[in-house]
Amino acid sequence: MLKACIFDMDGVLVDTAKHHFRAWHRMAATLSIPFTEEQNEELKGVSRVDSLEKILSWGNLVLDNHKKHELMEIKNKWYLEYVNEIKSSDMLPGTQRFLSELKVAHIKLGLGSSSKNSMLILDKLGLRDLFDSIVDGNKIHFSKPHPEVFLKAAQELNVHPSEAVVFEDAVSGVDAAKAGGFYCVGIGRKEVLANADFVIGSLNEINLEKLKVEITSS
């Protein structure tokens with residue numbers, strides 16, 4: 001029985017990937033490390049510290065923990081400058097409609113994001129009050145593909161993983177959802193999100209009736 005839906009934020013509700021890319025690209029440039037949009041795809045759903053480690057490994061650069069912390073703070077400062085430009089019109093297609101439909105149907109709503117800035121972004125989008133649980137990078141110890149973020153959201157919503165559906169756009173997020181025992185809807189391309197139970201291009205392609213049909217037929 002479907003009791004809750006848990007959403008990743010970046011790439012599912014709003015496109016913040018472009019802001020992450022701008023900030024990481026700017027930071028990588030200070031270290032003379034080339035950083036492409038293709039590489040940025042590998043950082044989707046990955047924590048800030050793990051993202052930095054990936055970038056440093058691509059540049060074959062070894063730094064001490066103090067310098068790493070300094071770089072992450074700088075990157076986040078730049079990122080926050082960019083996301084402060086976000087407004088409700090930046091929501092991805094179908095977001096407001098689908099969340100509202102679930103709310104009317106008394107389906108609990110949770111957020112499961114590795115971002116430590118989720119509250120700020122949800123406020124910018126005007127979505128914060130719709131969620132019954134918000135679990136982000138400030139509440140977790142392990143980043144995706146570890147299932148902690150989704151398991152904690154399910155716990156806060158007082159539902160079993162088998163009673164909840166996770167919506168994810170990143171491979172690491174899909175893997176986290178499946179590892180936690182959740183039904184997972186991928187947002188993106190089927191060939192990339194092959195581990196998801198089914199894949200759509202955006203929330204604009206789903207409604208509650210279609211979701212229930214997909215769950216029943218799986």
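Annotations
- Answer residue from region 159-170, given it is among the small types (Gly, Ala, Ser) and open to solvent by less than 40 Å² (accessible area, probe 1.4 Å) and is nearest to the chain's Cα centre (by Cα) among those: Ala170
- For region 108-132, the set of residues classified as farther than 25 Å from Ser51 by Cβ and open to solvent by less than 10 Å² (accessible area, probe 1.4 Å) consists of Leu109 only.
- Those residues of region 63-92 which are outside any helix (DSSP H, G or I), at pLDDT 95 or above and open to solvent by 60 Å² or more (accessible area, probe 1.4 Å), in sequence order: Asp64
- Applying the set (1) open to solvent by 10 Å² or more (accessible area, probe 1.4 Å); (2) within 17 Å of the chain's Cα centre (by Cα); (3) in contact (Cβ under 8 Å) with a residue 40 or more places away in the chain to Gln96 leaves exactly one unmet item: (3).
- Taken over region 29-38, residues that are within 17 Å of Lys67 (Cα to Cα) and out of contact with any Gly (no Cβ under 7 Å at 6 or more places or on another chain) amount to 3.
- Sole exception among (1) under 27 Å from Asp123 (Cα atoms); (2) surrounded by fewer than 19 Cβ atoms within 10 Å (Cβ to Cβ); (3) at pLDDT 95 or above for Cys5, by number: (2)
- Test result for Asp50, touching a Ser or Thr at 6+ places or on another chain (Cβ under 6 Å) and outside any loop (DSSP other than H, G, I, E, B): yes
- Residue match in region 145-157 (condition: hydrophobic (A, V, I, L, M, F, W, C) and in a loop (DSSP other than H, G, I, E, B)): no
- Which numbered condition Lys44 fails, given (1) among the basic types (Lys, Arg); (2) surrounded by fewer than 17 Cβ atoms within 10 Å (Cβ to Cβ); (3) in contact (Cβ under 8 Å) with a residue 24 or more places away in the chain: (2)
- Failed item in (1) touching a His at 6+ places or on another chain (Cβ under 9 Å); (2) surrounded by fewer than 21 Cβ atoms within 10 Å (Cβ to Cβ), with Glu101 passing the rest: (1)
- Any chance Lys108 is closer than 25 Å to Lys212 by Cβ, of a type outside the set (Ser, Thr, Tyr), over 17 Å from the mean Cα position of the chain (by Cα) and at pLDDT 90 or above: yes
- For region 102-147, residues that are out of contact with any strand residue (DSSP E or B) (no Cβ under 8 Å at 6 or more places or on another chain), touching a residue at least 60 places away in the same chain (Cβ under 8 Å) and over 22 Å from Glu42 (Cα atoms) total 1.
- Any hit, region 138-158, residues being under 23 Å from Leu203 (Cβ atoms), of a type in the set (Phe, Trp, Tyr), open to solvent by 10 Å² or more (accessible area, probe 1.4 Å) and at pLDDT 95 or above: no
The rows are residues; the columns are (1) assigned to a loop (DSSP other than H, G, I, E, B); (2) surrounded by fewer than 16 Cβ atoms within 10 Å (Cβ to Cβ).
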{"site": "Ala176", "(1), (2)": "no, no"}
{"site": "Cys184", "(1), (2)": "no, no"}
{"site": "Arg189", "(1), (2)": "yes, yes"}
{"site": "Ala194", "(1), (2)": "yes, yes"}
{"site": "Val199", "(1), (2)": "no, no"}
{"site": "Asn204", "(1), (2)": "no, yes"}
{"site": "Lys210", "(1), (2)": "no, yes"}
{"site": "Val213", "(1), (2)": "no, yes"}
{"site": "Thr216", "(1), (2)": "no, yes"}
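The values are calculated or read from the model by the stated rules, or taken from the named source; none is laboratory data. Remember, predicted model here, so these are calculated numbers, not experimental data. So basically every Cβ, Gly included, is an ideal-geometry build from the backbone, and we count neighbours across all protein chains shown. When the accessible area is computed, the model is the full protein with side chains, heavy atoms only, and any ligands, DNA or RNA have been set aside. Shrake-Rupley method; radii C 1.70, N 1.55, O 1.52, S 1.80 Å.
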